[in-house]
1. For region 54-102, which chymotrypsin sites (Phe, Trp or Tyr not before Pro) are both in a DSSP coil and crowded by at most 11 other Cβ atoms within 10 Å?
2. Which Cys in the chain stand alone, with every other cysteine's Cβ at 4.7 Å or more from theirs?
3. Take the Cα radius of gyration of the chain and divide it by 2.2 N^0.38 Å, with N its residue count; two decimals is plenty.
4. Quick check on the chain: helices-only [θ] at 222 nm, where DSSP H runs of length 4 and up contribute -39,500 (n - 2.57) each and the sum goes over total residues. Nearest 500, please.
5. When the accessible area of region 254-300 is computed with all protein chains present and a 1.4 Å probe, what percentage of it is carbon and sulfur?
6. So what is the relative contact order of the chain, in percent, for Cα pairs below 8 Å that sit 6 or more residues apart?
7. Which one, PRO328, TYR310, GLY184, is farthest towards the positive end of the dipole of region 172-420 when Lys and Arg carry +1 and Asp and Glu -1 on their Cβ?
8. For region 172-420, what ratio Rg/Rh do Cα atoms give with a Kirkwood hydrodynamic radius?
Amino acid sequence: MSVIDPQDLRDAVIDDRERGLFRVKRTTMTADAVWQAERKRIFDRCWLYLGHDSEIERPGDFVRRKVAGRPLVFVRGKDGRPRAFYNSCTHRGARVCRQDRGHAKSFQCFYHAWTFSTEGKLVGIPDKEGYAPAVDAEELGLRPVARLACYRDFWFVSFAPDVESLEDYLAGAKEYIDLVADQGADGMRVLPGTHQYACNANWKLMVENSVDGYHGAPLHHTYFAFLAGQGDDDGAKQLRSTEARAYDLGNGHAVVDYPAPFPRAVARWHPIYGEDAKDELRGIRDELAERCGEERAHRMAETCRNLLIYPNLLLLDVAGLTLRTVWPVRPDHMELTGYALAPRGESDAQTRRRLEGFNLFLGPGGLATPDDVEALEACQEGFAATAEDYSDISRGMHRDAATVDELQMRAFWREWQANMLGSGHGAHDEGPKPAPAGAAS
């Protein structure tokens, strides 16, 4: 791998506040050396999303994940405590968990039958007498990740022992996570199933796209035309509302926050749901107001937010409520997984509406995601001709950023450059910060 010159990284981003210019060199999307450095300087150092508490509710429940290329097992031990281990037998390295999810009393390596408890202890070695006393089972348990922490039932890992606390890392993103976590009176849960798909483009393009309101109206016109055909003429106009805003939340996190242009299963009725849904949605909306206050209920039900949790987690509280992870595989290829969230205990009819909205807009075969994938692959193809050029991300630098501006992408790139240069967090002082909403009662 070629060594990256620090000057090349400094030149990769032009951030001219005085002139209102922000540009990113396209080699950041194409160079293998950049991608290799990202793995060490970003993905080995940051907090990364692992899973939701609802996925491992009972002792013995587990899910298998790959995080930054590392195979992990996220499991709740018999003592009720969640843990994350490397999915690799300490004997010869084979995977000890071979299912995506399930319930287990223990994990047994299929290669030589070494067996590990749900707390990671080595509890079974066939023909143990074949080993000298120096081979100590206490030292050969499954290897835990360096750091594991939770915020509002969302679990994160870091491979850096000295990483800052998760709460400090999340900074201003916590307020927006709260707006999701408080939607269910009894908490939230991840619904069964996932969307797993790929895109032949650089991972950073999907991060940008997921919080980019500028492309919504022109690229997703088919979706908004569909809504208009169902009796909603506002649609994409809300993306340009004077209430729509973008915010830098610190540490690379960012959000676009805007009046809902979509039907929202949480509590915003739309003709697409039919008349028979009105009473149930009105009841949910009333419960939100009683429990959380009218201001916060309004934000939950009648506004949307696309939240980036740096570097690669998107919490998309839009037409559906979605967790999306974006994992780089090569400079020009990424893998994505989408999870649907819902309040615990909601009705079957409400869950059906939620999933229909999720699939219609955000699903890999829906009316929006294929547009995004095609656009990003077109960008990546274009970089083959213009890799030495710069992409412009200057929109809105001269004003308080709206949803159709690009402050949210600048927040990402400022953190990216600081991480790549090894200089800690970037400067996140552009624009006002969001006013905190009242806390849930």
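1. For chymotrypsin sites (Phe, Trp or Tyr not before Pro) across region 54-102 that sit outside H, G, I, E and B with at most 11 neighbouring Cβ atoms in 10 Å, the list is empty.
2. Isolated Cys, the chain: CYS46, CYS97, CYS150, CYS199, CYS292, CYS304, CYS379.
3. Output field value: 1.03.
4. -8000 deg cm²/dmol
5. Roughly 50 percent of what the probe reaches on region 254-300 is carbon or sulfur.
6. 20
7. GLY184
8. 0.96
The values are calculated or read from the model by the stated rules, or taken from the named source; none is laboratory data. Please read these numbers as outputs of a predicted model, since none were measured by experiment. Every residue, glycine as well, gets a Cβ built from its backbone with ideal geometry; the counts of neighbours run over all protein chains shown. Ligands, DNA and RNA are excluded from the accessible area calculation, which covers all protein heavy atoms including side chains. Shrake-Rupley method; radii C 1.70, N 1.55, O 1.52, S 1.80 Å.
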